[in-house]
Each structure stands twice: as C-alpha cells, then as structure tokens.
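Participant: After the structure tokens below, expect a handful of questions from me.
The values are calculated or read from the model by the stated rules, or taken from the named source; none is laboratory data. If you're wondering where the values come from, they're calculated on a predicted model, not measured in any experiment. Here the Cβ positions follow ideal geometry from the backbone for every residue, glycine too, while neighbour counts run over all protein chains shown.
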Amino acid sequence: MDIETELLNFAGENAVLIAIAIFVIVCILLGVRIVPQSEKYVVERFGRLRSVLGPGINLIVPFLDKVAHKISILERQLPNANQDAITRDNVLVQIETSVFYRILHPEKTVYRIRDVDAAISTTVAGIVRAEVGMMELDEVQSNRSEVIAKIKSQVAEAVDDWGIEVTRAEILDVDLDAQTREAMMQQLNAERARRAQVTEAEGTRRAVELAADAELYAAEQTAKARRIAADAEAYATGVVAQAIAENGLEAAQYQVALKQVEALTALGKGQGSQTIVVPASAMDAFGEAFKMLKGRG
C-alpha cells in the first residue's frame, strides 16, 4: 500500500508540473507575437482597442489581449472603374480610373470604415463627376494631368479620416458616346479639308507672287539695259559735240566721211554685188571723204 501511495503521489506531482509547463508554454505562445514587415496587428482587450503592433517581436498579455485584425500595409490597387460624367459643354464621357492606396493607421481603417475598397471607389466616382462637370471636353482631354492632380488631392482629403494614403490616381481613358465621336470625326475631316484649301490657296498666291517678282525683275533689267544704252549714246553724242566744239566743222566732216567710207565698204562686201552703181553726187562726196581721210592719215 505504501508503494502504491508513493506512486500516486509522484504521478500527481508530475501531472501538476506537466500542467504548469503546458500553461507556461501556452502563455508564451499567446503572449509573443511576431509581426511580418508587411503587416500591422490590431490588439484588443475585452473588445476595445489596446494597441497596434508593428513589425518584429511584440509581447501582449495572454488571455486578456488578442490580435483582432491583421492588416497588410502594402500598396494596393483598386480594380479599374468606369464613371459616366457630363462635361460643361453637355458631352457625355466615360472616364476609366485607377487608384492606388496604402493603409497608414490600421486602427482608423478597422474602426471607421467597413469596406475600404468600395468607399474609395464611391469617393473617386463622385470627385471625377464633379471635376469633369466643371470642364469642357477639350480641357478634359488636353489637361489630363491637371485633372488627375485635382482628383488625387481631393481623394486624399476625403480618405484621411480612414487612415489611408492615396499614392496614385490615374485616368486611363476618356471615351465618348457614338454620336459625339461621329460628330467629332466630321469636324476633324472638315478641319482637314479647310487646312488643305488654305494650303492650296497659299501655294497659288505664292506662285503668283513669284511670277510677278520675275516679271518685275525682267522689267528692271530691261530698263537698266536701256538706260545703259542711252547713257552710252549720250556719251558718244557728247564726245562728238565736244570734238566739233574743239575742232570746228572739220571734225564733223571727218566723221561724216568716215561713216560714208564704212557704208561703201559694207556695201561692197555684200554677196552677189559685183557691180555697184553710185550717183555722181555720191562719188563727189566719197572723193571729198577720201581726201579728208588721207589728210587725217
């Protein structure tokens, strides 16, 4: 009986030690939390927010504290969404947007908003419609970067209370309805035709200008040639007049005689002219001319 009692006492003591060891192990497992770098843990105590655990090894009170939420802090992308909007000039457009965000304060995200993605999508849709409604179609297409900046800033302000940071907002596409697209294509074709006509008209005008410039240049050159010939003739006349003034009538007679001899020489060189009939008066004049030429020689 004594041996059995001792064995029972030993077994009971071992059970207590084993239970204590198991309890300690469970406490360690429940009290130590290793948080990954990409996550944050929200800890509650009796249903209330206790703390937010950052990356690394963290200690909590076993059986009192519990990890209620494990929140990823990685950047997230919302599914691409399409919003219908009407511009200031009453054009219906469809805007395709994409939004990127990340959670900075998990305690706000957990306790202030139920569906983060849906809430951000609704906010973006409202802001896009409001911004596009204040702009004309051409402004939406040409100032896309400005529209994106406005959307991003307004979305960031709207979701600040949720502990969220909007890192990027993009407008991927601006689509038009079929009627508006057809009207724009007609306008574009008309503009192209107008530009072609303007280009053709400018080419014709340029050709006319070049032709007029060419005619003006030719007229100027002709006038210049005539002026040079007139100046030469005037110079020759002046020389003759000066010779007459200096040498008197003899110089004039000499010039006339010289011209007569030159004319007779040219007449004698003509083809088929073997016999030349000259009036007697002309012969007398030629004789005088030859005398003068001989005297000058």
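Participant: So which strands (runs of 3 or more DSSP E) are wholly in region 49-118 and hold at least 1 residues that are under 35 Å from the mean Cα position of the chain (by Cα) and crowded, with 16+ Cβ neighbours inside 10 Å?
Facilitator: 81-86, 92-103
Participant: With the requirement that a residue be in contact with a strand residue (DSSP E or B) (Cβ under 7 Å, 6 or more places away or on another chain) and over 25 Å from Arg168 (Cα atoms), what does region 56-81 give you?
Facilitator: Once the filter is applied, which keeps residues that are in contact with a strand residue (DSSP E or B) (Cβ under 7 Å, 6 or more places away or on another chain) and over 25 Å from Arg168 (Cα atoms), region 56-81 yields Gly56, Ile57, Asn58, Leu59, Ile60, Leu64, Asp65, Lys66, Val67, Ala68, His69.
Rundown of residues vs (1) hydrophobic (A, V, I, L, M, F, W, C); (2) buried (at least 16 other Cβ atoms within 10 Å of the Cβ); (3) out of contact with any strand residue (DSSP E or B) (no Cβ under 8 Å at 6 or more places or on another chain); (4) farther than 30 Å from Gln77 by Cβ, yes/no style:
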site	(1), (2), (3), (4)
Gly163	no, yes, no, no
Val174	yes, yes, no, no
Ala178	yes, no, yes, yes
Gln187	no, no, yes, yes
Glu191	no, no, yes, yes
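Participant: Let me ask something else. If you check Glu220, Glu200, Glu233, Glu215, which single one turns out to be assigned to a helix (DSSP H, G or I) and under 30 Å from Asp138 (Cβ atoms)?
Facilitator: Step by step, each of Glu220, Glu200, Glu233, Glu215 is checked, and only Glu200 is assigned to a helix (DSSP H, G or I) and under 30 Å from Asp138 (Cβ atoms).
Matching residues to (1) in the same structural domain as Glu170 (by TED's automatic domain parsing); (2) within 30 Å of Leu29 (Cα to Cα):
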site	(1), (2)
Ser51	no, yes
Ile60	no, yes
Thr97	yes, no
Leu104	yes, yes
Ala118	yes, no
Gly133	yes, no
Leu137	yes, no
Ala158	yes, no
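Participant: Working only within region 86-112, note down all residues that are over 29 Å from Met134 (Cα atoms) and out of contact with any Phe, Trp or Tyr (no Cβ under 7 Å at 6 or more places or on another chain). Steps first, answer last, please.
Facilitator: So in region 86-112, the residues over 29 Å from Met134 (Cα atoms) come out as 102-112.
Arg102, Ile103, Leu104, His105, Pro106, Glu107, Val110, Tyr111 - these are the residues of region 86-112 that are over 29 Å from Met134 (Cα atoms) and out of contact with any Phe, Trp or Tyr (no Cβ under 7 Å at 6 or more places or on another chain).
Participant: Name the single residue that is surrounded by the most Cβ atoms within 10 Å (Cβ to Cβ) among those in region 119-133 being within 30 Å of Ala68 (Cα to Cα) and of a type outside the set (A, V, I, L, M, F, W, C).
Facilitator: Going through region 119-133, the residues within 30 Å of Ala68 (Cα to Cα) turn out to be 119-124.
From the residues that got through so far, the ones that are of a type outside the set (A, V, I, L, M, F, W, C) too are 121-123.
Values: Ser121: 17, Thr122: 13, Thr123: 19.
That would be Thr123.
Participant: Looking at (1) in a strand (DSSP E or B); (2) over 22 Å from Tyr111 (Cα atoms), find the lone condition where Val26 falls short.
Facilitator: (1)
Participant: Where residues in region 150-195 are of a type in the set (Gly, Ala, Ser), modelled with pLDDT of 75 or more and part of a helix (DSSP H, G or I), which of them is farthest from Ala81 (Cα to Cα)?
Facilitator: Checking each candidate, the answer is Ala193.
Participant: Let me ask you something else. Would you confirm, using the coordinates I've provided, whether Arg129 is modelled with pLDDT of 80 or more, of a type in the set (Lys, Arg) and not in a helix (DSSP H, G or I)? I'd like the intermediate steps shown before the answer.
Facilitator: Numbers: modelled with pLDDT of 80 or more: yes; of a type in the set (Lys, Arg): yes; not in a helix (DSSP H, G or I): no.
In short, no.
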